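Visitor: Attaching a single structure in structure tokens format; questions to follow.
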Amino acid sequence: MTCAVLAFVEGAAPAARLAAALGIPCHAVDVHRFPDGESLVRVEQAPRTAFLYRSLDRPNDKALELLLAASALRDGGTTKLVLVIPYLAYMRQDIAFHPGEAVSQRVFGDLLARACDALLTVDPHLHRTHSLAEIMPGIEARAVPAAEALAPAFATMHDPLLVGPDEESRQWVEAVARPLGLEVLLGGKQRRGDREVVLTIPEVGRVAGRTVVLVDDLISSGATMAAAARVLRASGATRIEALATHCLAGPAALEQLRRAGVAAIRSTDTVPGPTGSLAVAGLLARTIRDRGWLA
Ligand code: R5P
């Protein structure tokens, strides 16, 4: 076997979509959990070129198994190992914000880079770091923009106004708005805690009577989108939707968004969940082909 996608059970469906887009087989990575919580990871076959697929939502549970699978593939004879990590965790802690804190982005980037020859992800949260190359030395690391996969969310909307909830969202909202020629408004956010933000939107009067779509790379606790939705609702937006590349929010956070006035929540399938209907397989496959990684 020359090329194959290898998938853990929870990502079997999106990994199969990637394999189909590439025209190569998709095989399972088996994980056995021992009573003490350790994992035994096993790959049935080690293709010469392996696309090892796993999103790293719940990273503390999933990352170690990913590294074990990478090692098993190497031991089995894989010579080109590409980690396909649609949602790449630990990217937000890019500096020590307070004395004594670990710089998680640097540590995690280094760990992953040691395990593979190349890495592919979607819209990583890079803020002060400008490219993955800075934190993943010695490998080819590529970030695929999700904007094209998000575009179908606007298919049936008339003249929506796109709102980025904070300055960090500028790159994401502009990437979506530019090709579609849509109007953009940016907010400003101050984070007071994991689940508490204070948010203002200058020129918010422009939302009155409009369909407004909140766009960000990530919905986690939902606090950012919920705070933005409350401001938009109070300012007369007629319909509010939320659109994100990665949605990590659980049922309680999604309910909080609905209560704040968000009528629809959509995201890509980088993270499995009820909002993740927009597939990124085509974009991943295109990059894999363009980089010549299928050879
Ligand atoms: C941070 O700047 C990100 O772009 C998101 O705005 C943030 O991670 C969302 O987190 P939460 O949903 O917990 O407010």
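The values are calculated or read from the model by the stated rules, or taken from the named source; none is laboratory data. Note that the structure is a prediction, hence the values are computed from the model and not measured. Note: ideal-geometry Cβ built from the backbone for every residue, glycine included; neighbour counts use all protein chains shown. Ligands, DNA and RNA are excluded from the accessible area calculation, which covers all protein heavy atoms including side chains. Shrake-Rupley method; radii C 1.70, N 1.55, O 1.52, S 1.80 Å.
Visitor: Quick one: in region 146-165, which of the residues that are within 18 Å of the chain's Cα centre (by Cα) and touching a residue at least 40 places away in the same chain (Cβ under 8 Å) is farthest from residue 191 (Cα to Cα)?
Guide: Among those residues, the one meeting the criterion is 152.
Visitor: Okay, moving on. Has region 63-73 got any residue that is in a loop (DSSP other than H, G, I, E, B), at pLDDT 95 or above and open to solvent by less than 70 Å² (accessible area, probe 1.4 Å)?
Guide: No, region 63-73 contains no residue that is in a loop (DSSP other than H, G, I, E, B), at pLDDT 95 or above and open to solvent by less than 70 Å² (accessible area, probe 1.4 Å).
Visitor: What pairs can you find where one residue is in region 222-234 and in contact (Cβ under 8 Å) with a residue 60 or more places away in the chain and of a type outside the set (Lys, Arg), the other is open to solvent by 10 Å² or more (accessible area, probe 1.4 Å) and within 8 Å of the ligand (Cβ to nearest atom), and their Cβ atoms are less than 6 Å apart, with a gap of 6+ or different chains?
Guide: Partner pairs satisfying both residue conditions: 227/197.
Visitor: Kindly list, by first and then second residue, each pair from a residue in region 31-59 that is in a loop (DSSP other than H, G, I, E, B) to a residue that is open to solvent by 20 Å² or more (accessible area, probe 1.4 Å) and polar (S, T, N, Q), limited to pairs with Cβ atoms under 6 Å and residues at least 6 apart or on different chains.
Guide: Note: pairs meeting the criteria are 48/2; 48/79.
Visitor: How many residues does region 236-249 hold that are farther than 22 Å from residue 155 by Cα and either open to solvent by 30 Å² or more (accessible area, probe 1.4 Å) or modelled with pLDDT under 95 (or both)?
Guide: Number of matching residues: 2.
Visitor: Inside region 167-179, can you point out the residues that are open to solvent by less than 20 Å² (accessible area, probe 1.4 Å), within 18 Å of the chain's Cα centre (by Cα) and not hydroxyl-bearing (Ser, Thr, Tyr)?
Guide: Within region 167-179, 173, 176 meet the criteria.
Visitor: Next question, about the same structure. Condition test on residue 100, is it of a type outside the set (D, E, K, R), open to solvent by less than 20 Å² (accessible area, probe 1.4 Å) and not in a strand (DSSP E or B)?
Guide: The answer is no for residue 100.
Visitor: Tell me, which residue of region 180-201 that is open to solvent by less than 90 Å² (accessible area, probe 1.4 Å) and within 8 Å of the ligand (Cβ to nearest atom) is nearest to residue 223 (Cα to Cα)?
Guide: Among those residues, the one meeting the criterion is 197.
Visitor: Looking at region 276-295, I want the residues that are more than 19 Å from residue 55 (Cα to Cα) and open to solvent by 20 Å² or more (accessible area, probe 1.4 Å) and have a partner that is part of a helix (DSSP H, G or I) and not acidic (Asp, Glu) with Cβ atoms under 9 Å, at least 6 apart or on another chain. Which pairs are those?
Guide: 289/22; 294/22; 294/288
Visitor: Right, here's the next one. Return a yes/no flag: does region 75-88 have any residue that is of a type in the set (Phe, Trp, Tyr), open to solvent by less than 50 Å² (accessible area, probe 1.4 Å) and not in a loop (DSSP other than H, G, I, E, B).
Guide: Checked against the condition, which is being of a type in the set (Phe, Trp, Tyr), open to solvent by less than 50 Å² (accessible area, probe 1.4 Å) and not in a loop (DSSP other than H, G, I, E, B), region 75-88 yields no hits at all.
Visitor: For the subset of region 113-172 comprising residues that are of a type in the set (Lys, Arg) and away from the ligand (no atom under 15 Å from the Cβ), which member is nearest to residue 81 (Cα to Cα)?
Guide: The residue in question is 114.
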